[in-house]
Amino acid sequence: MVMTVVLLTALLAPSETAWQRTGNARVAIVELESAPFPHRTRAEGYTNRKGEHFPAETHYADRSVGIVVPAGYRASDAIDFVVHFHGHRNNVANVIKQFDLVRQLDLSGRNAILVIPQGARDAPDEAFGKIEDENGLRNLLNDVAAVLHRDDITTSATIGKVIITAHSGGYWPAACSVERGGLGNRITDVLLFDATYGGLEPLANFAGGAPGRRMVSIFTSHLADRNYILLTLLRSRKLDFDLLMDGALTPAQLQPRRSIFIHTRDLAHDDVVSKRDYYALFLRTSELPAR
């Protein structure tokens with residue numbers, strides 16, 4: 001069943017959060033100082049290679065951070081998070097709707113809270129402002145945890161395990177987060193949905209940084225060469241990986257704690273996230289606890 005999510009975006013006072021209830025989640029879009037933008041790197045906006053200019057006040061002034069709390073969420077002594085980085089020409093409210101993220105989180109059955117920070121709003125730019133800074137992801141999640149604790153959704157404001165998911169241009173904040181986001185081994189999984197345009201060295205370093213980490217990359221044919229480079233980097237580090245074909249993926253194939261590459265020949269770039277419920281499947285086979 002597909003749920004319609006109505007989202008209210010507003011500059012919220014410190015003591016209030018506009019939570020919207022759906023059949024299977026509570027959803028809010030809050031504005032946080034630790035959100036990616038505004039940021040000095042886009043103070044004058046951005047001009048792409050085609051000469052298109054994207055003004056800062058329109059595309060780099062949005063402090064929105066989406067938060068999704070699944071029905072049945074159980075508070076514990078730490079908050080486990082899933083952080084999703086969106087691609088080009090998008091915004092938080094649309095990302096949640098377009099990729100069915102509320103249902104995906106619910107379908108996963110994981111006891112975690114989903115966080116979707118706003119990158120460049122409706123612009124073709126992978127820049128993610130403060131997420132690129134030292135400790136950027138830790139600062140953001142500390143602020144989200146404070147909101148959750150204040151609103152009595154959690155009993156703790158401590159960050160637990162963190163899974164990073166990225167679609168398309170979200171590759172860059174994902175790479176920055178594992179390299180300098182300040183969370184170290186609390187990041188257990190990186191899940192890439194046609195998101196290997198760059199940042200390959202930090203991603204390979206993440207995969208080899210500690211035992212038990214998992215990186216999953218599902219990719220369409222146009223990114224086959226980039227995934228070959230990434231698996232070559234893993235091989236140079238003597239790291240194990242699996243190379244699978246999309247079609248009949250089973251949970252057992254996705255549970256090994258190593259890197260897993262999945263080539264899809266029939267899913268489109270925007271379909272890899274949720275058309276076959278892969279977002280939910282990848283989360284369900286993580287080490288996050290069940291609800």
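Set the Förster distance to 35 Å, then compute FRET efficiency between E33 and N185 from the Cβ-Cβ distance, nearest 0.05. Intermediate values should be presented prior to the final figure.
Details: r = 27 Å, r/R0 = 0.76.
The computed FRET efficiency comes out at 0.85.
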Per-pair calculated FRET efficiency, R0 = 30 Å: Y228 and T47 via Cβ, rounded to 0.05: 0.40
Inter-centroid distance (Cα atoms) of the stretch 52-92 relative to the stretch 220-240, Å: 28
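How high is the relative contact order of the chain, in percent, counting Cα pairs under 8 Å that sit 6 or more residues apart? Walk me through the intermediate numbers first.
Values: 633 pairs, mean separation 49.4, N = 291.
Once normalised by length, the contact order is 17 percent.
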Most mobile of R40, R49, R74 in a GNM of the chain (Cα contacts under 10 Å): R49
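Accessible area per residue for the chain in Å², computed with a 1.4 Å probe and the full protein assembly in place, what is it?
Here the residues of the chain average 41 Å² of exposed surface.
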FRET E, pair T22, R257, Förster distance 22 Å, beta-carbon r, rounded to 0.05: 0.10
Gyration tensor (alpha-carbon) shape descriptor, the stretch 190-253, a/c threshold 1.5: oblate
Carbon plus sulfur fraction of accessible area for the stretch 217-264, probe 1.4 Å, in percent: 58
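Can you classify the stretch 83-167 as rounded, prolate or oblate using the Cα gyration tensor, where a ≥ b ≥ c are the square roots of its eigenvalues, rounded means a/c under 1.5, and otherwise it's prolate if a/b beats b/c and oblate if not?
Working: a/c = 2.05, a/b = 1.25, b/c = 1.64.
Since a/c reaches 1.5 but b/c is at least a/b, the shape of the stretch 83-167 is classed as oblate.
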Listed residues A61, A78, A127, most fluctuating in the chain (Gaussian network, C-alpha, under 10 Å): A78
Stretchable slack from N205 to H88, in nm (0.36 nm times residue separation minus alpha-carbon distance): 39.6 nm
Net charge contributed by nearby residues that have their C-beta within less than 11 Å of G182 (K/R +1, D/E -1): 0
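Is the shape of the stretch 180-291 rounded, prolate or oblate, going by the alpha carbon gyration tensor and its root eigenvalues a ≥ b ≥ c, with a/c under 1.5 for rounded and a/b larger than b/c for prolate?
On the way: a/c = 1.58, a/b = 1.13, b/c = 1.40.
It is oblate, given that a/c is not under 1.5 and a/b is not larger than b/c.
The values are calculated or read from the model by the stated rules, or taken from the named source; none is laboratory data. Treat the numbers as computed from the prediction; the structure is a model and nothing was measured. FYI the Cβ positions are ideal-geometry reconstructions off the backbone, even for glycines, and counts take in every protein chain you see. Just the protein is used for accessible areas: all its heavy atoms, side chains included, with ligands, DNA and RNA removed. Shrake-Rupley method; radii C 1.70, N 1.55, O 1.52, S 1.80 Å.
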